[in-house]
Amino acid sequence: MKKVDQGSIWVDADACPVPIKETLFKAAQRTGIALTLIANHSMRVPPGGHVRFILVPKGYDVADHRLLTEVIPGDLVVTQDIPLAAELIDKGAEVVSPRGEMFTPETIKARLTMRDFMETMRASGVQSGGPAVLSSRDRQRFAGVLDRFCQRQTRNAQKDERH
């Protein structure tokens, strides 16, 4: 299978749920689209030429900075880090959360505002609880976003081969 040279998939892997990583591994194997996970701790990735892992030093936002230097317009990035998502969108990347929520230029400002509000509430002592458990609906929504990205990249590669 020919490796697709257009948009790659990048993962802010430190907080990415295992079921989402498994979905990404299968998609990379099936489509040949390059998948790169970046984290500050070791993790296993399947053997093969489509998946790679970059270990960055521990430290505040080190993985985020690496993503920002590596990602190019048209790439897909998986992250739940709202400020990072905003910066990646500004670079022209497509950004999706592990729950399948697409972050867009139209929605990211509201998400940043809500994040800042919740951070202020937590700092004042309000208990907000943690995020909900990743549901099967979240996984399906993520798989749908990933599938559409992969189909688009495969179509673009086929068009390029014909020209």
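A short reminder: the numbers here are calculations on the coordinates, not readings from a lab. All values reported here derive from a predicted model rather than from experimental measurement. Positions of Cβ are backbone-derived with ideal geometry, glycine not excepted, and every protein chain shown enters the neighbour counts.
The Cα atoms of region 44-133 define a convex hull whose projected area, averaged across directions, is 7.7 nm².
Within the shell of other residues whose beta carbon sits under 14 angstrom from the beta carbon of Pro46, the net charge comes to +4, with Lys and Arg scored +1 and Asp and Glu -1. Separation of region 63-85 and region 102-123, taken as the distance between their Cα centroids, equals 17 angstrom. Relative to the dominant Cα principal axis of the chain, helix 18-31 is inclined by about 20°.
Modelled label positions at Val126 and Arg30, each set 7 Å beyond Cα in the direction of Cβ, lie 4.1 nm from each other. Note on Ser135 and His65: the model spin-label points, each 7 Å out from Cα along the C-beta direction, lie 3.9 nm apart. Each peptide in 57-64, 42-49 was scored by the mean count of other Cβ atoms within 10 Å over its residues; highest first, the order is 57-64, 42-49.
Roughly speaking, what % of Cα-Cα pairs in region 4-162 are separated by over 25 Å, rounded to a whole number? Value for region 4-162 (Cα pairs over 25 Å): 30 percent.
In this calculation the C-beta distance from Met114 to Val18 is compared with R0 = 30 Å, giving a FRET efficiency of 0.65. The stretch between Met43 and Ile72 holds 8.0 nm of extra length on full extension. This uses 0.36 nm per residue minus the Cα-Cα distance. Annotation: the antiparallel percentage among DSSP beta bridges lying fully within the chain is about 10.
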